[in-house]
Amino acid sequence: MRITDARVIVTSPGRNFVTLKIVTDEGVTGVGDATLNGRELAVASYLTDHVIPLLIGRDPARIEDTWQYLYKGAYWRRGPVTMSAIAAVDTALWDIKGKVAGLPVYQLLGGRSREGVTVYGHANGENVDDVLTEVARYRDLGYRAVRVQTAVPGLEGTYGVSKDKLFYEPADAALPGETAWSTERYLGFTPSVFARVREEFGPELRLLHDVHHRLTPIEAGRLGLALEPYALTWMEDPVPAELQEGFRLIRAHTRTPIAVGEVFNSVWDCHTLITEQLIDYIRATVVHAGGITHLRRIFDLAALYHVRSGSHGATDLSPVCMAAALHLDVSIPNFGLQEYMRHTPETDAVFPHGYHFEDGYLHPSEEPGLGVDIDEELAAAYPYKPAYLPVSRLMDGTVHSW
Ligand code: KDG
Ligand code: MG
């Protein structure tokens, strides 16, 4: 079997998605997600101009060799654009392999390690009463884990607190919007939110919180300590993670578990975090961390050091990425949690898929391959729209971390 064609499909059914479709001489096709929020066209060009010409004529069965060829052969390694492009190729090749074998991809990864994939949703609100209503909504939908975010009083626009419910769309403007940040207000307010949520929902519901890289390590230590009475499953992205050693300081000050990795694209972004046991959950994804092949390598390393998976699954990761994530989630030994933000009905129609939610769990498709496709005709009805993530500024106007 040979690859005869590969095409990049950019579509915006409510938000932008980039999808690679690989076609073979035997008519078997595979899809891979290549969406990089706010930088979609950079990955589309990387694929079209630099990767697709190298794929034509290759044997689609040689997944590992193709990965190594694209990673090592290009001289320029890593980075979100390169790794999202490699991820798209890798994911599409796993899809083809599953279809050729007549098996869902998780069977090729060793088969099931669990019955379902436990997911968490986002409860967010403008104030504590709003957020309590949202947590109740997720509990009533059957979710066993909920991420809780509340607008910080006195701040204009808190990142991660969306107006939409069930969806989450932070890339909302043709040029970046701005949000304000005050560490003092945030640290003073956030523990009181979790006190109310625990009081209302009891000890069993798993609670999570995303700091969106806004703190320094010692501030994160203080927040983690203040949150200890409310037994969070994790505190996410407490600090920007370029300085992996910085997490030693957080660890020294709190027993609140730490999750990080949604912006990581390689095992080299997290090897110190994992091997020094500075984190509890690694949140890297199929689309941004080199596909199923590389993400599995990261999860295998993590398993040796008591670190579980907790993959990012916001709406900017397409249903193709979600389908691929679920095959990994259900098969690896050290699965922790999977984020699950629902897609809009328009997105679901463009990406018909066989995975489904039931009773707090997502279940991968049982169809051969990934069990997801793209309706190219429908996709063409939604042209690309520039959309940026907002920039955060401190109260004095300084550009702040995100
Ligand atoms: O593209 C950025 C979003 O996916 C991100 O802000 C979502 O932090 C996020 C999360 O945990 O879902
Ligand atoms: Mg996050």
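The values are calculated or read from the model by the stated rules, or taken from the named source; none is laboratory data. Note that this is a predicted model, so its numbers are computed, not measured. Glycine gets a Cβ as well: all are built from the backbone with ideal geometry, and neighbour counts include every protein chain shown. SASA here: full protein model, heavy atoms, side chains in, ligands and nucleic acids out. Shrake-Rupley method; radii C 1.70, N 1.55, O 1.52, S 1.80 Å.
A straight Cα-to-Cα reach below 12 Å connects K385 with the aspartates and glutamates E40, D172, residues fewer than 8 places away in its own chain not being considered. For the chain, the Cβ-based charge dipole about the Cα centre amounts to some 860 debye (Lys, Arg positive; Asp, Glu negative; other atoms uncharged).
Projecting the Cα positions of P257, H356, A123 onto the charge dipole of the chain (unit charges on Cβ atoms of Lys, Arg, Asp and Glu, taken about the Cα centre) puts P257 furthest along the positive direction. When the Cα convex hull of the stretch 320-371 is projected onto planes of every orientation, the mean area is 3.9 nm².
Charge tally for L132 (other residues, Cβ to Cβ under 13 Å; Lys, Arg +1; Asp, Glu -1): -3.
Rg ratio for the stretch 1-120: its Cα radius of gyration over 2.2 N^0.38 Å, N being its residue count, equals 1.09. Angle of helix 128-141 to the longest C-alpha principal axis of the chain, folded into 0 to 90 degrees and rounded to 10: 40°.
Placing +1 on each Lys and Arg Cβ and -1 on each Asp and Glu Cβ, with no other charges, gives the stretch 265-402 a dipole about its Cα centre of roughly 540 debye.
Counting protein heavy atoms only, the chain has 53 percent of its accessible area on carbon and sulfur, 1.4 angstrom probe.
When the chain is treated as a GNM with alpha-carbon contacts under 10 Å, the residue of R77, R147, R198 showing the greatest mean-square fluctuation is R77. Here is the tail figure for the chain: Cα pairs spaced more than 28 Å apart come to 44 percent of all pairs.
Subtracting the Cα-Cα distance from 0.36 nm times the residue separation, let me have the gained length for D164 to E199 in nm, one decimal.
Full extension from D164 to E199 adds 10.0 nm.
Could you tell me how many degrees, from 0 to 90 and to the nearest 10, lie between the Cα long axis of helix 63-72 and the main elongation axis, the longest principal axis, of the Cα atoms of the chain? Helix 63-72 sits roughly 70 degrees off the main axis of the chain.
What the Cβ-Cβ distance of L301 and D396 gives, at R0 = 51 Å and to the nearest 0.05, is a FRET efficiency of 0.80.
Between A136 and H50, the FRET efficiency from the beta-carbon distance, with R0 = 35 Å, is close to 0.10. With K and R counted +1 and D and E -1, the other residues having a Cβ less than 9 Å from that of G32 yield a net charge of -2. In the chain, the calculated helix contribution to ellipticity at 222 nm averages -10000 deg cm²/dmol per residue, counting -39,500 (n - 2.57) for every DSSP H run with n ≥ 4. Straight-line reach from K99: taking Cα to Cα under 25 Å and skipping same-chain neighbours fewer than 8 places apart, the lysines in range are K21.
Remark: relative contact order (the chain) = 23 percent; criterion is Cα-Cα distance under 8 angstrom and separation of 6 or more residues.
The residues of the chain expose on average 39 square angstrom of accessible surface per residue, using a 1.4 Å probe on protein heavy atoms. Computed packing ranks the peptides 259-267, 351-359 as 259-267, 351-359, most packed first, by mean other Cβ atoms within 10 Å. Near V267, within a Cβ-to-Cβ distance under 13 Å, what is the net charge of the other residues, with Lys and Arg +1 and Asp and Glu -1? Local charge sum for V267: +2.
Taking the chain as the reference, fit the longest principal axis to its C-alpha atoms, fit the long axis of helix 183-201 to the helix C-alpha atoms, and give the angle between the two in degrees, 0 to 90, nearest 10. Approximately 90 degrees, to the nearest 10. In a fully extended conformation the segment linking R185 and A74 would gain 35.3 nm over its present Cα-Cα distance, using 0.36 nm per residue.
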